[in-house]
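Peer 1: Below: one structure in structure tokens.
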Amino acid sequence: MDKFVNGLLEMYLGNIMDQSRDELMLADERCKQGERELRVLEKRYMDLNLGETDKKLIDDYTACLQTVDQRNADLSYIAGVRDTVRLLHSLDLLKDIE
């Protein structure tokens, strides 16, 4: 069963996840509002009178936060799909999967 689920995730999930998430994000009002707020804050950040060393530190920190957040989102999605497949299998709704 785990071998099947891992194969499924590895072969198909990346494209499905990206497409599904993109569709939802484009339609979600809170996400759109967050993007607008992000643009305003980015402009304010760029207008700050910071030295290059300080800006680099902040940029690196922000990039790291985004990377960790994205990975957490991906793992959450994968966990949900894996749990769903396992649940369907345990209810005998998926046949002939070992």
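Peer 1: Could you pull out every one of the lysines with an alpha carbon less than 30 Å from that of residue 32, ignoring same-chain neighbours closer than 8 positions?
Peer 2: Partners found: 43, 55, 56.
Peer 1: When the Cα centres of the range 73-96 and the range 1-44 are compared, how far apart do they sit, in Å?
Peer 2: If we compute the Cα centre of each part, the gap is 19 Å.
Peer 1: Can you give me the accessible area per residue for the chain, using a 1.4 Å probe, in Å²?
Peer 2: About 84 Å² of surface per residue is accessible.
Peer 1: Also, I was wondering about something else. Treating the angle as unsigned and between 0 and 90°, give the value, to the nearest 10°, between the Cα long axis of helix 14-27 and the longest Cα principal axis of the chain.
Peer 2: Tilt relative to the chain: about 60 degrees.
Peer 1: Could you tell me what percent of the accessible area of the range 28-91 is made up of carbon and sulfur, with a 1.4 Å probe and every protein chain present?
Peer 2: Result for the range 28-91: 58 percent of the exposed heavy-atom area is carbon or sulfur.
Peer 1: Something else about it: Kirkwood Rh, Cα Rg: Rg to Rh for the chain?
Peer 2: For the chain, the value is 1.17.
Peer 1: Just to verify a number: what accessible area does residue 90 come out at with the full protein assembly present, 1.4 Å probe, Å² rounded to tens?
Peer 2: 80
Peer 1: Once phi is turned into ³J(HN,Hα) by the Karplus curve 6.51 cos²θ - 1.76 cosθ + 1.60 with θ = phi - 60°, what whole-Hz value does each residue of the range 39-47 show in order, with x for glycine and proline?
Peer 2: Values per residue, Gly and Pro as x: 5, 5, 5, 5, 4, 4, 5, 5, 7 Hz.
The values are calculated or read from the model by the stated rules, or taken from the named source; none is laboratory data. Everything numeric here is computed off the predicted structure, so don't read it as measured data. Heads up: the accessible areas ignore ligands, DNA and RNA and are worked out on the full protein's heavy atoms, side chains in. Shrake-Rupley method; radii C 1.70, N 1.55, O 1.52, S 1.80 Å.
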